[in-house]
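One structure is given below, encoded as C-alpha cells.
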Amino acid sequence: MAFKMSVQKYAGRISEVEIGTGEKALKLGGENVMPFYSFDGDCGNTPKMGVEILDVFPENWIEELKNLYKDVAQNSVEWAKFVEKEMKPDFICIKFVGADPNGLNRSAEECAQIAKDVVENIELPLVISGCGNFEKDAKVFEKVAAAVDGKNCLFLAAVEENYKAVGAAAGLAYPHKVGAESSVDINLAKQLNVLLNQLGVKEENIVMNVGCSAVGYGYEYVATTLDRIRLAAFGQNDKTLQMPIMAPVSSEAWSVKESVADVEDAPEWGCKEERGITMEISTASSMIVGGANAVILRHPKSLETMKKFVCELA
C-alpha cells in the first residue's frame, strides 16, 4: 500500500508586517503553518536575523564582545555602519540603555538625535529598543518616532504600563510598527494586542515580543507559550494572536552564568566566548523552530550560524 502523507490544514494565517524602506525593507510573517512545515502549507517569509547595538559603549558586555566592536562602539552611527557592512544582518536593533534613569539618564531628545543619525546612515531596517523603564521608554519612543519619521521602524516594545503612549506615537502619529511585549503568557500577549488594536493600531502594524529566556533557564515555559500562541492563531483562527514574533535573544543569552563566568572560575567550562556563542545559537534556534519570525543577536558567529541554519531548513 502506497504511503500517503497526512497534511494539516489551518484556517488562520500570520499577518505580514513590513519594516524599513527601499530595497532593504523586510517582511515578517505570512505563514499559515507551524515553523518550516512546508509540507503542510505556506511557510511565509523566512525568519530574519538582526544585530544589537547600543547608544553607549557596552561596558557591561564581556571583554571578548567589547573587543569585537572596540573601534566603533563609542559612536552608534559608526557601529551601525560597521554591522551593516561587515556582518550583513537583515536588520539592526539599537537599544537605548543610556536613557535609563538609574544610569546616564540620557534625555529623550538626545536619543532621538542618535536614532535619526543612525537611520540616515544605514540602509537596513532599524528596530528601536528602550532601557526597560516603561515611563522613560514612553518619553524616548515619542521623540524618536518623530525623529525617524518616514523610515518605518519597529519600536520594541510597548508594555501594558505604557502601550497608550507608545502606540499613539509609533503606531498612530507616525507610520511605524509597534512591538507588543508580554511576559511568557498567551493571555497577556492576547490582551496587549487587543488593547493596542482598540487604541487604533492595526494588526498589520504589530509585532509581538512574547518573552524569551536562555535555554536551560525556564525555556520550557517559552516553548509552550510559543506553541499555544501559534496553534491558537492557526487552528482557532484567533486574529488577536496572528502577529509575527520577534525575540530579543542577545540580552538573555549573554547574561547567564555560562556566558559570563571567567575561565578561572569555571575552567571545566572552557572558553567564555565560545560558551556565549553556543548559548546564543541554542536559544535563537530554539526560538526560530518554536515560532519566532525574527531574533536579535550580538556575535558575528551566531549570526553566521543562524543564517546557515535557516537556509538549510527553509
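All of the numbers you see were taken from the coordinates with simple rules; none came from a lab. Note that this is a predicted model, so its numbers are computed, not measured. We place every Cβ from the backbone using ideal geometry, glycine too, and count neighbours over all the protein chains shown.
For the stretch 61-102, which residues satisfy the criterion of being surrounded by 14 or more Cβ atoms within 10 Å (Cβ to Cβ) and in a loop (DSSP other than H, G, I, E, B)?
Trp61, Ile62, Val72, Ala73, Asn75, Lys88, Pro89, Asp90, Phe96, Asp100
Report, by residue number, each residue of the stretch 130-174 that is surrounded by 24 or more Cβ atoms within 10 Å (Cβ to Cβ) and within 19 Å of Asn105 (Cβ to Cβ).
Once the filter is applied, which keeps residues that are surrounded by 24 or more Cβ atoms within 10 Å (Cβ to Cβ) and within 19 Å of Asn105 (Cβ to Cβ), the stretch 130-174 yields Gly130, Asp137, Val140, Phe141, Val144.
Within the stretch 259-300, which residues are buried (at least 17 other Cβ atoms within 10 Å of the Cβ), without any contact (Cβ under 8 Å) to a residue 40 or more places away in the chain and of a type in the set (D, E, K, R)?
If the condition is that a residue be buried (at least 17 other Cβ atoms within 10 Å of the Cβ), without any contact (Cβ under 8 Å) to a residue 40 or more places away in the chain and of a type in the set (D, E, K, R), then Arg275, Glu280 are the ones that fit.
Output the residues belonging to the stretch 117-131 that are outside any helix (DSSP H, G or I) and in contact with a helix residue (DSSP H, G or I) (Cβ under 8 Å, 6 or more places away or on another chain).
Going through the stretch 117-131, the residues outside any helix (DSSP H, G or I) turn out to be 120-131.
Correct list: Asn121, Ile122, Glu123, Leu124, Pro125, Leu126, Ile128, Gly130, Cys131.
With part of a helix (DSSP H, G or I), more than 19 Å from Ile92 (Cα to Cα) and among the charged types (D, E, K, R) as the only criterion, which of Asp227, Asp262 stands out? Give the steps one after another, and end with the answer.
Details: Asp262 fails: part of a helix (DSSP H, G or I).
Within the list Asp227, Asp262, the selection yields Asp227.
Name the residues in the stretch 265-299 that are within 25 Å of Ile14 (Cα to Cα) and in a loop (DSSP other than H, G, I, E, B), would you?
Correct list: Gly291, Ala292, Asn293.
For the stretch 30-39, which residues satisfy the criterion of being crowded, with 17+ Cβ neighbours inside 10 Å and either over 20 Å from the mean Cα position of the chain (by Cα) or under 24 Å from Asp149 (Cβ atoms) (or both)?
Asn32, Val33
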